[in-house]
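Input: a single structure, listed below in C-alpha cells.
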Amino acid sequence: MAIALFDLDNTLIAGDSDCLWGEYLVSCGAVDDQQFAAAHRQFHEQYVQGNLDIDSFLEFALRPLAENSIDDLLKWREDFMRSLIEPIVLPAAERLIESHRSAGDHLAIVTATNSFVTTPIAQRLGINSLMATEPEVVNGHYSGRYTGTPTFQEGKIAAVNKWLQNNELTNLSCYFYSDSLNDIPLLESVEHPIAVDPDEKLADVASKRGWRILTLRAGEQPEDINY
C-alpha cells in the first residue's frame, strides 16, 4: 500500500482546466472577452516560465466566481465539463489511476487550480481526495478571494503534509505524478517522483536526477511502471 498523488492539468487531462474555464467564460459572455483573454494569456505564460505571481493570478481568476450567481456558475460548469473536459480525459491516465486503486493505494489530486473548477473533474476520475486552492465563500456567495494557502509550488507540500497527517498516512511510500516545473518542490519531497509528459525544464531536471519520465499521451500502459 502506498500514496499516489497526481497533478491534474496536463497530467491526468490533456489540457489546463484553469485556462479552459477562462476560455469557456469568454465564450458564454460571462467576462469581457478581449481584456480577460489577454490577461489570462499573460498569467499562463508566467506559469509556464515558473514565475507566476499566485496572489495576482488568483485575484484575477476568482473574480468571475464573485461576479456571477451560483446558479449560473453551476450551469456553466456542467456544460464546461461536458464540452471541454470530458474530451481531454486521458484513457491512459484512467488506467494508471485504476492500477493504483487496484493495488490498494491511497489516491489524491493536488492542483493549484481552484476547487470550484476541479471538484467535478476529480469526481469524474473517481478520486475522492482533492487538494486545490479554495475560493472563499461568504454568506453563500463567492467573495473573489481564497482561503488558506494556495496549492501552488511549496504550497502543495504544505497541503499534502496536512492531508497525510489528517489521514494518518505519514509512514507510507509516496508517488507524485506531474508535468510541470512548478511542481519540482513536491517532486523533490516524495520517494517516487514521476514526470508525466513534462515541460522542458522538468524534463531536464528529471533526466539529470534519474526520475521516471512517463507519457500518458501516447497510451503507455500503467503496467510499464514499476511500483
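With θ taken as phi - 60° and the coefficients 6.51, -1.76 and 1.60, list the Karplus ³J(HN,Hα) couplings across region 140-157 in order, rounded to whole Hz; mark glycine and proline as x.
Here the 3J(HN,Hα) series is x, 10, 5, 8, x, 10, 10, 10, x, 9, x, 7, 9, 6, 4, x, 5, 4 Hz.
Compute the normalised compactness of region 1-79: alpha-carbon radius of gyration over 2.2 N^0.38 Å, N being the residue count.
Relative to the 2.2 N^0.38 Å estimate, region 1-79 comes out at 1.23.
Pick from VAL138, VAL31, VAL190: which residue has the top mean-square fluctuation in a GNM of the chain where Cα pairs under 10 Å get a spring?
VAL138
For the chain, list log₁₀ I(q)/I(0) at each q in 0.08, 0.10 Å⁻¹, using the Debye formula over Cα point scatterers of equal strength and ignoring solvent, two decimals each.
So the normalised log intensities are -0.28, -0.44.
Could you give the size of the charge dipole of the chain about its Cα centre, using +1 on the Cβ of each K and R and -1 on the Cβ of each D and E, expressed in debye and rounded to the nearest 20?
Numbers: 16 positive and 35 negative charges, 78 e Å.
Approximately 380 debye in magnitude.
Debye calculation, C-alpha points only, no solvent: report log10 I(q)/I(0) for region 143-216 at q = 0.22, 0.26 Å⁻¹, in the same order as the q values.
For region 143-216, the Cα-only Debye profile gives -0.96, -1.15.
Take each of the peptides 112-122, 200-210, 86-96, average the number of other beta-carbon atoms within 10 Å over its residues, and list them starting from the highest.
Descending packing order for the listed peptides: 112-122, 86-96, 200-210.
Counting only DSSP beta bridges with both residues in the chain, what percent are antiparallel, rounded to the nearest 5? Write down the numbers at each step before the final one.
Working: 5 of 26 bridges.
Taking every DSSP beta bridge with both residues in the chain, the antiparallel ones total about 20 percent.
When the accessible area of the chain is computed with all protein chains present and a 1.4 Å probe, what percentage of it is carbon and sulfur?
The C+S portion of the solvent-accessible surface of the chain is 45 percent.
In region 98-188, which GluC sites (Glu not before Pro) fall in coil by DSSP and have 11 or fewer other Cβ atoms within 10 Å?
GLU168
Mind pulling the angle between the C-alpha long axis of helix 91-102 and the longest principal axis of the chain? Nearest 10 degrees, somewhere in 0 to 90.
The angle comes out at about 60 degrees.
What list of ³J(HN,Hα) couplings, whole Hz, do you get for region 158-167 from phi and the Karplus terms 6.51, -1.76, 1.60, once you set θ to phi - 60° and write x for glycine and proline?
Calculated HN-Hα couplings, in order: 4, 5, 5, 4, 5, 5, 4, 5, 5, 9 Hz.
How large is the Kirkwood hydrodynamic radius of region 97-221, counting all unique pairs of alpha carbons, in Å?
One over the average 1/r among Cα pairs gives 15.7 Å for region 97-221.
The values are calculated or read from the model by the stated rules, or taken from the named source; none is laboratory data. The structure displayed is predicted, hence computed values, not measured ones. Ideal geometry is used to build each Cβ from the backbone, glycine not excepted, and the neighbour counts take in all protein chains shown. These accessible areas exclude ligands, DNA and RNA; they are computed on the full protein's heavy atoms, side chains included. Shrake-Rupley method; radii C 1.70, N 1.55, O 1.52, S 1.80 Å.
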